[in-house]
Amino acid sequence: MVLTDLRIRRAVQNDAAALAEFAEKTFSDTFGPDNRAEDMAMFVASSFGLEHQAREIADPRWVTLLAEVDGSLAGYAQIRREHTPACVTGPSPIELYRFYVGNDWKGRGLAQRLMDQVRATAMDLGGRTLWLGVWEHNPRAQSFYTKCGFEDVGSHDFVLGTDRQTDRIFSVSLD
Ligand SMILES: CC(C)(COP(=O)(O)OP(=O)(O)OC[C@H]1O[C@@H](n2cnc3c(N)ncnc32)[C@H](O)[C@@H]1OP(=O)(O)O)[C@@H](O)C(=O)NCCC(=O)NCCS
């Protein structure tokens, strides 16, 4: 399948089940190999599943974007307004909370198209600074974000199950 068939749209309630399945799979594919199974299982149980993703889609402070190719999920992104870490100093900050593409779509330009849409959506929501946390041991994602203009501005803790980890915090101006 080719990228010209790509459609990016906002998720609706009906998408919750497919999103839950895709989100759990992409999370497990990404972090499963480098983390303890017990920590992964705890985190997955507290973050993914029909009820979790249905609540996220319904939350007015969140926007969930789905990237579909030929009607199948190929990626997704979630933007939200929550607490902003002090190291993010730009105006009107908004968080890119999750950003994932399926294994078949890595390195094919889909992530860039999804990021363009994330930026446009964040600006529509009044955001002027986009920030995110990315695991210190996730070099591919860090390279991608750097390529998109993000800069490393600090760090915060991220707890995966029982494991306290360090996320780098990346930020970019939307102006
Ligand atoms: C992060 C993600 C969205 C980026 O999309 P992508 O299609 O893989 O991105 P690209 O291929 O355009 O860019 C990745 C860059 O990292 C580089 N790269 C690949 N493996 C790398 C590694 N081990 N170390 C450093 N850089 C690496 C690639 O060469 C590429 O750079 P280039 O275009 O200059 O060659 C995608 O890889 C993904 O979904 N990963 C799993 C989920 C994830 O980690 N999400 C982020 C959570 S914060």
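With the condition kept exactly as written, say whether any residue in region 137-160 is aromatic (Phe, Trp, Tyr), in a loop (DSSP other than H, G, I, E, B) and over 14 Å from the mean Cα position of the chain (by Cα).
Yes, there is a match, as at least one residue in region 137-160 is aromatic (Phe, Trp, Tyr), in a loop (DSSP other than H, G, I, E, B) and over 14 Å from the mean Cα position of the chain (by Cα).
Scanning region 19-51 for residues that are away from the ligand (no atom under 16 Å from the Cβ) and in contact with a strand residue (DSSP E or B) (Cβ under 6 Å, 6 or more places away or on another chain) yields a total of 1. For Gln117, the test of being of a type outside the set (D, E, K, R) and within 30 Å of Arg36 (Cα to Cα) is failed. Considering region 63-79, and only residues there that are touching a residue at least 12 places away in the same chain (Cβ under 8 Å) and surrounded by fewer than 18 Cβ atoms within 10 Å (Cβ to Cβ), the residue that is nearest to Asp29 (Cα to Cα) turns out to be Glu68. Residue pairs whose Cβ atoms lie under 8 Å apart, separated by 6 or more positions or on different chains, with the first residue in region 132-161 and more than 21 Å from Ile94 (Cβ to Cβ) and the second aromatic (Phe, Trp, Tyr) and more than 7 Å from the ligand (Cβ to nearest atom), are Leu160/Phe31; Leu160/Phe43; Gly161/Phe43. When the residues of region 80-130 are narrowed to those that are over 21 Å from Val69 (Cβ atoms), charged (D, E, K, R) and loosely packed, with under 13 Cβ neighbours inside 10 Å, which ends up nearest to the ligand (Cβ to nearest atom)? Here the residue is Glu82.
For beta carbons closer than 8 Å, sequence separation of 6+ or different chains, a first residue in region 1-30 that is modelled with pLDDT under 95 and a second that is assigned to a helix (DSSP H, G or I) and among the hydroxyl-bearing types (Ser, Thr, Tyr), there are no qualifying pairs.
The values are calculated or read from the model by the stated rules, or taken from the named source; none is laboratory data. Since the structure is predicted, the reported quantities are computational estimates derived from the model, not experimental observations. Positions of Cβ are backbone-derived with ideal geometry, glycine not excepted, and every protein chain shown enters the neighbour counts.
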